[in-house]
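The values are calculated or read from the model by the stated rules, or taken from the named source; none is laboratory data. It should be emphasised that the depicted structure is a prediction, and the values quoted were computed from it without experimental measurement. Every residue, glycine as well, gets a Cβ built from its backbone with ideal geometry; the counts of neighbours run over all protein chains shown.
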């Protein structure tokens, strides 16, 4: 019989799960509030997926174009998200991002500069003005390193290479988290008053993805198991430009900054095809001739933005349509050309990682030749449902921030808003947890039974005589998600997907990892399969329920946005007999925000709309 | 698809040996792809670290055919068709298991470096810095902490002087603070006494292995050594300070 008192126990006030941008920012905030704060991360500190972010972080500082302000940023976010965003989150984000970016500078970040010596800002898809603070094309690294080097001096306890398994509760409340050390395979109980999940998305369920191995939906699955509500998981963003060749690098991200800095998309006939895909919503603000798009690139402020900078959902669909029509590149993508648009030294200076990545992995010199690119699963807009101001989930004491939380991005995320999301809502989650912990009158305590049951579920995988290979099951899952829940969806595929996932779940019951528990990736893979299966099922069931095409969710059987469905969120919850899916009315936005989001850009800029808001 | 031979070091702190694997390799693969194929098909419990698979996170550091490399950036077509590829853990750090080493010493070094202390903001709430003044610092901040430079540094690897020298990675971290236009901290005495700038004998091995092509020695360590010399050993600089009534910490 397993004795819980023999398992290592560590106590903190707050546990942050995940050490990417959101986790580090949340931990810094908790620590600043005087809380004893612990952080666990699956990888070493500074390696989280945040380092992969390239283009920048969106904040309406107006350093490059003075016309920018939080109201325009808010409007862009809502329109990019096809009005499904949580109004208050989009407002908080647009208002607070500039302060969070300046704070990073205070902590040592060194952004690219304008001629006046201020933080430079670059153009990106869906953003009306140059808005992304950036460091070449390695902005994520700058963000994580700045937070890391600041965070290690704040008294935070970092527990590296330690993976969360299950949340522990006392009655309805959070009481801790059970985790294991990857190095030794030993279990550890973190007893705490609040948990902040900052675990990212679940892109590893798809074969072509820009996500690293860590993206297995752990936080989403742990929250679901603990009874929290999930929201709008059908919205999975396919970034339009991932590498397509060679096969082994398929899916690796090619920053949108290439297009922001002038890159254009062409099909195999040499046509700049994006002019054929300008949707009604964006037509008034998008250039409709090559001549106008070129004037914009040269800095003419009266020219409208080129169509390559439409939102990611629109560009990804256009690329898919071109390839389907037989106008694709040799390896099933399209061409992204910056070589003919900008001088070689400009490209090497503004896009050094892209230059490096193509040169070393694909033997392509992007200053001379076009890149071959195609859509890659990149980001979860949906996730755990949270309160906008505190980031608390529907489970008391459980908070979530960053990609694993839902709400800010609606049906489609604009480039550059993921990094700003992390720092804005990481901080707010820290504040939320702080308020919650201070209001607790007693420390919750998890029962031994919960802990022993969770440990047994994990160790069974090692102890079993024989069983299925977790790596091969993972490959099977990728096959299902790619075939059934891809960029273009329909009822038959999604229903078949649900059935296939059920069958896979049954197969996964007896997964077996050979070897001992010490640094055993096979075992780690099996443990993350559980998270991936829950997350994938939630995405598939949500996608089946939403009978419209909106943002990143495209249904061939329900083309176009439905004026009815914009009034609903898809909520997922653990029920007595499995996953429950609910179409729930979305709260209406406050009048002043609705007016901002629907305003004509001229009226917003002249102050006719929103002029009274500061 | 071609069959290739791999020799992978397997074991733990108590010892280990090279194991041979025959693997099918597709065009365009990197060493990390092949190790993943071994892991999923032949050795489920093969331990290795990786994350981004695009040379941006610095996790998959190992020694490939004797050279410190990132497995994700080492293309299979950089080897001869019949060449056997040998992978082993970084030599400078203690083995945990297979290709995974205990790099916690590096995190302890970072913790020893005093944090960034910026000057006050300007009246309008901004910090003004010009691109030409931050280019050098940005070069150092490209570091992905793969620790290949730490692995190859003679002072640490051969002399084992981990108590005396923080290694190239943290010399450039110190340089990134020392040359940061906003930082107000005087770091020179610590760079000399605590962090051991004098121990680097400028063989440039660290610069050679840096996957980010940072000029570690020429742009980072040598300028720091010069600042130390100015402070401690340059009689002219000392005299000028005396004349001007400037006192510096030593």
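Given the residues A:36, A:13, which is the only one that is surrounded by fewer than 23 Cβ atoms within 10 Å (Cβ to Cβ) and touching a helix residue (DSSP H, G or I) at 6+ places or on another chain (Cβ under 7 Å)?
None of the others qualify; the one that does is A:13.
Somewhere in segment B:7-17, is a residue modelled with pLDDT of 95 or more, in the same structural domain as residue B:63 (by TED's automatic domain parsing) and more than 19 Å from residue B:96 (Cα to Cα)?
No, because not a single residue in segment B:7-17 is modelled with pLDDT of 95 or more, in the same structural domain as residue B:63 (by TED's automatic domain parsing) and more than 19 Å from residue B:96 (Cα to Cα).
Could you list, in sequence order, the residues of segment A:350-406 that are closer than 27 Å to residue A:111 by Cβ, in contact with a helix residue (DSSP H, G or I) (Cβ under 8 Å, 6 or more places away or on another chain) and part of a loop (DSSP other than H, G, I, E, B)?
Selection gives A:351, A:366, A:367, A:391, A:401.
Assess whether residue B:84 counts as being modelled with pLDDT of 95 or more and either exposed (fewer than 15 other Cβ atoms within 10 Å of the Cβ) or facing another protein chain (nearest Cβ under 8 Å) (or both).
Yes; evaluated as a whole, the condition is true for this residue.
Pick out the one residue from B:7, B:3 that is assigned to a strand (DSSP E or B), without any contact (Cβ under 8 Å) to a residue 24 or more places away in the chain, more than 7 Å from chain A (Cβ to nearest Cβ) and more than 19 Å from residue A:183 (Cβ to Cβ).
B:3
Tell me which residues, restricted to segment B:5-20, are over 18 Å from residue B:66 (Cα atoms) and surrounded by 15 or more Cβ atoms within 10 Å (Cβ to Cβ).
B:12
Within segment A:586-602, how many residues are within 22 Å of residue A:92 (Cα to Cα) and outside any loop (DSSP other than H, G, I, E, B)?
9
Right, residue B:171: modelled with pLDDT of 95 or more, over 21 Å from residue B:56 (Cα atoms) and assigned by TED's automatic domain parsing to the domain that holds residue B:222 or not?
Judged against the criteria, residue B:171 is not a match.
Which one is surrounded by the most Cβ atoms within 10 Å (Cβ to Cβ) among residues in segment B:127-138 that are in contact with a strand residue (DSSP E or B) (Cβ under 9 Å, 6 or more places away or on another chain) and closer than 17 Å to residue B:178 by Cβ?
Filtering segment B:127-138 for residues that are in contact with a strand residue (DSSP E or B) (Cβ under 9 Å, 6 or more places away or on another chain) and closer than 17 Å to residue B:178 by Cβ, the one surrounded by the most Cβ atoms within 10 Å (Cβ to Cβ) comes out as B:134.
For segment A:234-338, please list each of the strands (runs of 3 or more DSSP E) lying entirely inside it that holds at least 2 residues being closer than 27 Å to residue A:543 by Cβ and within 14 Å of chain B (Cβ to nearest Cβ).
A:236-243
Being more than 10 Å from chain A (Cβ to nearest Cβ) and modelled with pLDDT under 95 is the requirement here; does residue B:186 meet it?
no
I need the full set of residues from segment B:139-162 which are within 14 Å of chain A (Cβ to nearest Cβ) and either under 20 Å from residue B:89 (Cβ atoms) or surrounded by fewer than 18 Cβ atoms within 10 Å (Cβ to Cβ) (or both), in order please.
Correct list: B:144, B:145, B:146, B:147, B:150.
What pairs come up if the first residue lies in segment A:298-325 and is within 18 Å of residue A:68 (Cα to Cα), the second is assigned to a loop (DSSP other than H, G, I, E, B), and their beta carbons are under 6 Å apart, counting only those six or more places apart or on different chains?
Final answer for the pair search is A:304/A:287; A:309/A:125.
Regarding residue A:105, is this residue within 14 Å of chain B (Cβ to nearest Cβ), buried (at least 24 other Cβ atoms within 10 Å of the Cβ) and farther than 23 Å from residue A:399 by Cα?
No: the conditions fail for residue A:105.
Does segment B:62-73 hold any residues that are outside any helix (DSSP H, G or I), more than 11 Å from chain A (Cβ to nearest Cβ) and touching a strand residue (DSSP E or B) at 6+ places or on another chain (Cβ under 9 Å), and which are they?
Scanning segment B:62-73 gives B:62, B:63, B:64, B:65, B:66, B:68, B:69.
Would you check if residue A:470 is free of Cβ contacts under 8 Å to residues at least 12 places away in the same chain and assigned by TED's automatic domain parsing to the domain that holds residue A:555?
no
When you look at residue B:55, is it part of a loop (DSSP other than H, G, I, E, B), within 16 Å of the chain's Cα centre (by Cα) and in the same structural domain as residue B:13 (by TED's automatic domain parsing), yes or no?
yes
Of everything in segment A:18-58, what is more than 21 Å from residue A:110 (Cα to Cα), touching a strand residue (DSSP E or B) at 6+ places or on another chain (Cβ under 6 Å) and at the interface with chain B (Cβ under 9 Å from one of its Cβ atoms)? Give them in sequence order.
Of everything in segment A:18-58, just one residue is more than 21 Å from residue A:110 (Cα to Cα), touching a strand residue (DSSP E or B) at 6+ places or on another chain (Cβ under 6 Å) and at the interface with chain B (Cβ under 9 Å from one of its Cβ atoms), namely A:44.
Could you say whether any residue in segment A:529-537 is outside any loop (DSSP other than H, G, I, E, B) and within 14 Å of another protein chain (Cβ to nearest Cβ)?
The answer is yes, given that some residue of segment A:529-537 is outside any loop (DSSP other than H, G, I, E, B) and within 14 Å of another protein chain (Cβ to nearest Cβ).
Are any of the residues in segment A:57-80 in a loop (DSSP other than H, G, I, E, B), more than 19 Å from residue A:588 (Cβ to Cβ) and without any contact (Cβ under 8 Å) to a residue 40 or more places away in the chain?
yes
Name the residue, out of A:88, A:113, that is closer than 19 Å to residue B:132 by Cβ, touching a helix residue (DSSP H, G or I) at 6+ places or on another chain (Cβ under 9 Å) and surrounded by fewer than 23 Cβ atoms within 10 Å (Cβ to Cβ).
When all the criteria are applied, what remains is A:113.
Taking residue B:169 and the conditions (1) at negative phi; (2) within 10 Å of chain A (Cβ to nearest Cβ); (3) touching a residue at least 60 places away in the same chain (Cβ under 8 Å), which numbered condition does it fall short on, given that it satisfies the others?
Among (1) at negative phi; (2) within 10 Å of chain A (Cβ to nearest Cβ); (3) touching a residue at least 60 places away in the same chain (Cβ under 8 Å), residue B:169 violates only (2).
Give me the pairs, please: first residue somewhere in segment A:496-523 and away from every other protein chain (no Cβ under 14 Å), second residue anywhere and not in a helix (DSSP H, G or I), beta-carbon distance under 8 Å, and either six or more positions apart or on two chains.
A:497/A:485; A:507/A:468; A:508/A:468; A:510/A:464; A:510/A:467; A:510/A:468
Quick check: is even one residue across segment A:276-285 crowded, with 16+ Cβ neighbours inside 10 Å, out of contact with any helix residue (DSSP H, G or I) (no Cβ under 8 Å at 6 or more places or on another chain) and within 30 Å of residue A:406 (Cβ to Cβ)?
Within segment A:276-285, none of the residues are crowded, with 16+ Cβ neighbours inside 10 Å, out of contact with any helix residue (DSSP H, G or I) (no Cβ under 8 Å at 6 or more places or on another chain) and within 30 Å of residue A:406 (Cβ to Cβ).
Scan B:88, B:138, B:131, B:109 and give me the residue that is touching a residue at least 40 places away in the same chain (Cβ under 8 Å) and assigned by TED's automatic domain parsing to the domain that holds residue B:214.
B:109
In segment B:10-48, how many residues are within 11 Å of chain A (Cβ to nearest Cβ), part of a strand (DSSP E or B) and within 27 Å of residue A:363 (Cα to Cα)?
Total meeting the criteria: 2.
Could you please find all residues in segment A:116-144 being out of contact with any helix residue (DSSP H, G or I) (no Cβ under 6 Å at 6 or more places or on another chain) and either more than 9 Å from chain B (Cβ to nearest Cβ) or buried (at least 24 other Cβ atoms within 10 Å of the Cβ) (or both)?
Correct list: A:119, A:121, A:129, A:130, A:131, A:132, A:134, A:139, A:142.
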